[in-house]
Amino acid sequence: MTRQDANSAWAKDRAHVLHPYTDFSSFKDEGSQVITGAEGMYVTDSDGNRLLDAIAGLWCVNIGHGRREMADAISDQVMKMQYYNPFGHSTNEPAAELGAWLATHAPGDLNHVYYTTGGSTANDAAIRLVHYYFTMKGQHQKKKIISRNSAYHGATYVAAELTGIHATKMSFDKVGEHFINHVSAANMYAKPDDMSEDAYCDFLVQEFEDRIEQLGPDNVAAFIAEPVMGAGGVLVAPKGYHRRMWEVCKRHDMLYIADEVVTAFGRLGHWFASEEVFDYQPDILVAAKGITSGYIPLGATLISDEIYEVISRPQCEGGVFSMGLTYFGHPVACRAALTNIEIIQREGLLGHARNMGKHFQETATGLCDLEHVGDVRGHGLMLAVDLMADKTTKTPFPVTAQAGANVFRTCAELGVIVRPVGDRIVLSPPLVIEKAESNQIYSVLRQAISGLSAG
Ligand code: PMP
């Protein structure tokens, strides 16, 4: 890209594009960083800077950037058949192949897939499917959903309502309050220091049971949770938590929705984390991001045989399952997913992610000796570093200190992209990361955090 083209893109973008999570007042002065190239673990900006991408785009570029094989598969599918109406009884080969692959590899009997355009739409679809299921069973009252504080489930209206991060809701109206409730996040860093992990888990499970009782089990349809909370701070639940929450769901005839938008497709070293890592079989599983490694948008909501059996009963008034997206089962996206899966398989990236995940987590603990690092935690290739003004008293930095933003900026100047979520630094590199890159990320992060003052 020439300097002139980059300047033109910068100006047009600044004038016309509404960026997510952007303060428009500063955006009007600064505009965007124009990313012009991407290859392997690196992206390049319009100033020619080559930056190590320690966040895989946005938790998604699992196989790394710029794969020729992905481009070839996408272009081949475009020339074969790029799109046709998926409603009713028409389909295409990649959508069918991917459906069969998902059924074989997803936990338990999640044998049926509803395709969407990304994670938010897949979570919205999950909630509609839950409602549809209980309606078809004649349990018309059983519609309330329990989610968790600090959860992130997306930006469409219902997915945003499921989300439990306060900052994502500022100045937006609420629509789903009557049917969406939140319980505590499983946040080991926030638990009282004198409480054991087991006791904390008991507390969370009891709180969940109490909430169900309070709402009335006949009114509560489902619980939704990320196996490891992502945007909410890479919160790893206490041992046994998911299994126990799942058991509570089963006791109350509730469905368990696993939001695996981040954790599926290798981030924790497995195709899916719920069963293989945390030992429970969700009734509904939501995937996106790593399903195509971000080469093209796609989401998937998987449902169990039991749900499928109920929703495929004939409707009394001759109605049909009337929930359709134009881009359902998009052939190019499904083909990209199949190629992405083939690459992960052929290159042994799940095993690589498991090995590298260990190294990544172990190296990260080295940051704990820094004055302003309150906590370092994670699982596999997901990690968060909490920045604290005073770590002994867990006192955060004042907002004006902009600690997270400053660390982000320094890391970028030193050639590494990290993600600040407030004063928490989140990392989620592509699965193809090697030790040298992992070491580089931590050495840069150490340098950036060391430069912070108590503010
Ligand atoms: N669920 C989780 C756990 C996510 O992390 C995200 C996105 N970060 C979403 C849902 C929403 O996905 P999308 O942005 O593709 O709509």
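Rule-based calculations on the coordinates, nothing more; no lab input. All values reported here derive from a predicted model rather than from experimental measurement. Please note: Cβ atoms are built from the backbone with ideal geometry, for glycine as well, and neighbour counts cover all protein chains shown.
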(message) Which three extents, in angstrom, do the Cα atoms of the chain have along their principal axes, listed largest first?
(response) 66, 61, 43
(message) If I take every Cα pair under 8 Å that is 6 or more residues apart in region 259-392, average their sequence separation and divide by the length, what percent do I get for the relative contact order?
(response) 23 percent
(request) Write down, largest first, the equivalent ellipsoid semi-axes of region 1-103 in whole Å, where each equals the square root of 5 times an eigenvalue of the alpha-carbon gyration tensor. (result) 34, 19, 15
(request) Fewest Cβ neighbours within 10 Å first, please rank 305, 29 accordingly. (result) 29, 305
(message) Between residue 320 and residue 178, what is the label-point separation in nm under the 7 Å Cα-to-beta-carbon projection?
(response) 3.0 nm
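Please find the FRET efficiency linking residue 72 to residue 279, where r is the Cβ-Cβ separation and R0 is fixed at 51 Å, and quote it to the nearest 0.05.
Result of the calculation: an efficiency of 0.85.
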(request) Just report the Cα centroid separation between region 110-175 and region 231-287, whole Å. (result) 16 Å
(request) Go ahead and estimate [θ] at 222 nm for the chain from helices alone: -39,500 (n - 2.57) per DSSP H run with n ≥ 4, summed, over the residue count, rounded to 500. (result) -12000 deg cm²/dmol
(request) Search the structure for amide H atoms under 5 Å from the amide H of residue 390, placed 1.01 Å from N in the peptide plane, and list their residues when 5 or more places away or on another chain. (result) 395
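With an 8 Å cut-off on Cα pairs and a minimum separation of 6 or more residues, tell me the relative contact order of the chain in percent.
Computed over the chain, the figure is 20 percent.
Test of understanding: ordering 166, 65 by Cβ neighbours within 10 Å, fewest first, what list do you get? Don't skip to the end; give the middle numbers.
On the way: 166 9, 65 22.
Lowest to highest Cβ neighbour count: 166, 65.
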(message) Between residue 58 and residue 128, what is the label-point separation in nm under the 7 Å Cα-to-beta-carbon projection?
(response) 2.1 nm
(message) So, R0 is 60 Å and r is the distance between the beta-carbons of residue 355 and residue 4; what FRET efficiency does that work out to, to 0.05?
(response) 0.85
(request) Based on other C-beta atoms within 10 Å, arrange 284, 417 from fewest to most. (result) 417, 284
(request) Could you calculate the contour length gain from residue 436 to residue 149, that is, 0.36 nm times the residue separation minus the distance between their Cα atoms, to one decimal place in nm? (result) 99.7 nm
(message) Given N residues in region 225-370, what is its alpha carbon radius of gyration divided by 2.2 N^0.38 Å?
(response) 1.24
(message) At 7 Å along Cα-to-Cβ for each site, give me the label-to-label distance between residue 248 and residue 400 in nm.
(response) 4.1 nm
(request) Between residue 447 and residue 390, take the C-beta separation as r, use R0 = 22 Å, and let me know the FRET efficiency to the nearest 0.05. (result) 0.55
